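Visitor: Attaching a single structure in structure tokens format; questions to follow.
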Amino acid sequence: MAQPGPAHHAHNCPLLEVCVDTPEGLKTAIEAGADRIELCSALATGGVTPSQGFMALAARTSPIPVHALIRPRSGDFVFSDEEIVLMQHDSEAARDAGLAGVVIGVSREDGRLDLSALKALMQAAGPLDITLHRAFDMVPDFTEALEQAFSLGIRRVLTSGGAPTALAGIEVLQRLIEQASDRLSIMPGGGITADTVAPFLKLGIREIHASCSSPQACAGKVADLGFVLPSDRRTDAQKVKALKAALAL
């Protein structure tokens, strides 16, 4: 099933993208009112590429657009040639599954965007919607990087303004939104909740990114044998609903 295109929103209320890493989280986010899904695995490490099975499930069951994160491992965004090839295959897998988009980012050693690697990934993704992820937050010059993203044909940039949280980076975000104008969307992300979203609404954003997750306690043999991260999280329906309500204000 091909993924739906962008929905039209009542009174230009910003769109809410929720990142999820389990089939249960996918279902929870959709039912709680998310407008778009970022699909990944291992959210506790900042997210890595979801399995092909998970991509296929999401494409088959989601009534809203799903974008797959293409990131082969946690850590930095400076990828080897082998990793780039892997990411090209994963981008093709997202396209073949029928997803609506991919979320990509590659850094050079100096932190600037790796334009040739990004082009290769975009080619692999074909007609899919492209989001540049927080590899953008690693760049030494945001003004330059935003122009590069635009010249590549990237539709949106997910960023915290280079700060540990989007709220801490809000002045940079404001400058980026002004620079981007209508050419591409700046999507704030990084620790945004219903309690912290209000200042972003004044910036005239079109969309916002959040995990809407809560820590998941896990004890017993699964924890004892090391099969779960101490920082594991679970998509929280109440947090999705609260953020969605705050966006509608």
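Visitor: So which residues in region 42-61 are modelled with pLDDT of 95 or more and surrounded by fewer than 22 Cβ atoms within 10 Å (Cβ to Cβ), if there are any at all? Working first, answer last.
Guide: Step one: filter region 42-61 for residues modelled with pLDDT of 95 or more, giving 48-61.
Within region 42-61, V48, S51, Q52, G53, F54, A56, L57, A59, R60, T61 meet the criteria.
Visitor: Looking at region 166-205 only, could you name the residues that are closer than 19 Å to A248 by Cα and touching a His at 6+ places or on another chain (Cβ under 9 Å)?
Guide: Those that are closer than 19 Å to A248 by Cα and touching a His at 6+ places or on another chain (Cβ under 9 Å): M187, P188, G189, I192.
Visitor: A further question on this structure: Just the residues that are touching a Ser or Thr at 6+ places or on another chain (Cβ under 8 Å) and within 18 Å of F77 (Cα to Cα), please, taken from region 157-171.
Guide: Within region 157-171, V157, L158 qualify.
Visitor: Yes or no: region 108-121 includes at least one residue that is closer than 18 Å to L152 by Cα, in contact with a Pro (Cβ under 8 Å, 6 or more places away or on another chain) and buried (at least 19 other Cβ atoms within 10 Å of the Cβ).
Guide: no
Visitor: Find all pairs meeting these conditions: Cβ atoms under 9 angstrom apart; at least six residues apart or on different chains; first residue within region 231-249 and farther than 23 Å from N12 by Cα; second residue crowded, with 20+ Cβ neighbours inside 10 Å and among the charged types (D, E, K, R).
Guide: Partner pairs satisfying both residue conditions: R233/D21; T235/D21.
Visitor: Tally up the residues in region 236-249 that are assigned to a loop (DSSP other than H, G, I, E, B), surrounded by 12 or more Cβ atoms within 10 Å (Cβ to Cβ) and either charged (D, E, K, R) or in contact with a Leu (Cβ under 9 Å, 6 or more places away or on another chain) (or both), please.
Guide: 1
Visitor: I'd like the residue in region 137-156 that is of a type in the set (D, E, K, R) and within 18 Å of G101 (Cα to Cα) and, out of all such residues, is surrounded by the fewest Cβ atoms within 10 Å (Cβ to Cβ). Explain how you work it out, then say what you get.
Guide: Going residue by residue through region 137-156, those that are of a type in the set (D, E, K, R) are 137, 141, 144, 147, 155-156.
Add one more test, that the residue is within 18 Å of G101 (Cα to Cα), and what stays is 155-156.
Values: R155: 17, R156: 23.
So the residue we want is R155.
Visitor: In region 171-197, what residues are in contact with a Phe, Trp or Tyr (Cβ under 7 Å, 6 or more places away or on another chain), more than 13 Å from E17 (Cβ to Cβ) and either buried (at least 17 other Cβ atoms within 10 Å of the Cβ) or among the aliphatic types (A, V, I, L, M) (or both)?
Guide: Once the filter is applied, which keeps residues that are in contact with a Phe, Trp or Tyr (Cβ under 7 Å, 6 or more places away or on another chain), more than 13 Å from E17 (Cβ to Cβ) and either buried (at least 17 other Cβ atoms within 10 Å of the Cβ) or among the aliphatic types (A, V, I, L, M) (or both), region 171-197 yields V172, L176, L184.
Visitor: Condition first: farther than 22 Å from P23 by Cα and free of Cβ contacts under 8 Å to residues at least 24 places away in the same chain. Now tell me which residues in region 198-225 satisfy that.
Guide: K202, G220, K221, D224, L225 - these are the residues of region 198-225 that are farther than 22 Å from P23 by Cα and free of Cβ contacts under 8 Å to residues at least 24 places away in the same chain.
Visitor: Pick out the one residue from A242, A217 that is under 19 Å from A34 (Cβ atoms) and either of a type outside the set (S, T, Y) or modelled with pLDDT of 95 or more (or both).
Guide: Within the list A242, A217, the selection yields A242.
Visitor: What number of residues within region 140-182 are basic (K, R) and at pLDDT 95 or above?
Guide: Number satisfying all stated conditions: 2.
Visitor: Now, a different point. Among the residues of region 45-88, write down those that are farther than 27 Å from I30 by Cα and of a type outside the set (G, A, S).
Guide: Listed by number, the residues that qualify are D76, F77, V78, F79, D81, E82, E83, I84, V85, L86, Q88.
Visitor: Counting only residues that are more than 25 Å from V197 (Cβ to Cβ), give me the helices (runs of 4 or more DSSP H) lying completely in region 4-123 with at least 3 of them.
Guide: Details: elements: 23-32, 52-61, 81-97.
Correct list: 52-61, 81-97.
The values are calculated or read from the model by the stated rules, or taken from the named source; none is laboratory data. Source: prediction; values computed, not measured. A quick note on method: Cβ atoms are made from the backbone with ideal geometry, for glycine too, and the neighbour counts reach across all protein chains shown.
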